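Worksheet: the structure to be examined is printed underneath.
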Amino acid sequence: MRTAYHEALEATRLDVVRLGALAVEAVRGAVDALEHRDASAGARVVAGDDAVDDLRRRVESHCIELIWRQQPVAGELREIAAMIEMATDLERVADYGVDIAKNAIKLADQTLRPQKVEIDRIASVATGLLADAMRAYTERDAQLASSVIERDDEVDKLYKRSIKLLQQEMQADPELVRSGTRYLFILASLERVGDRAGNIAWHTKGMIGAE
């Protein structure tokens, strides 16, 4: 019975890792669609959200089953609770990717776009944090988790700077207001990706009992 329990726990851990990979892929795919004016690529990100939702529900269902099937010890219970929290954060990250993709689709045929907004850089930092947060989880690395939490400030700084530059461009050229408004939403989504990466890092530290 205990062997089957640990096999089920390991399978759920792997599902969380897969969910993380899908979330990173959604954001990166959406930003790529935006940069290349590729509406079809954006549509693929939107269509892929169902798989993320299904996997999140599976993780939550399995976590609940793990709790009632056999009373977990303290460390296992902390991990199961962390996986439930992480699944929610990762689904939200994928949702941010979908939001970016939807805006990318609407911007695909817009000839006027802001030039100074550092979408690529913010996306690279935010998804890099998320990837590191997931690595901290898989490797149970409290030091890496702490690094993710500390580095979220970089995303915030880039976000604030890009908002300022975007506002300046929109004020200088009213023709940019339409596309610029969509960039405001995109920037907000990327900033939230960094926040969710920080959440996952905190869940990892709680899981392994680190301060």
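Annotations
- Tabulated pairs, the stretch 160-188, first closer than 14 Å to Ile119 by Cα and assigned to a helix (DSSP H, G or I), second modelled with pLDDT under 95 and of a type in the set (D, E, K, R), C-beta under 6 angstrom, 6+ apart or interchain: Ser162/Glu118; Leu165/Lys116; Ser179/Arg113
- Enumeration of residues in the stretch 10-20 that are surrounded by fewer than 20 Cβ atoms within 10 Å (Cβ to Cβ) and touching a residue at least 40 places away in the same chain (Cβ under 8 Å): Ala11, Arg13, Asp15, Val17
The values are calculated or read from the model by the stated rules, or taken from the named source; none is laboratory data. Since this is a predicted model, take the numbers as computed values, not measurements. Virtual Cβ from ideal backbone geometry, glycine too; neighbours counted across all protein chains shown.
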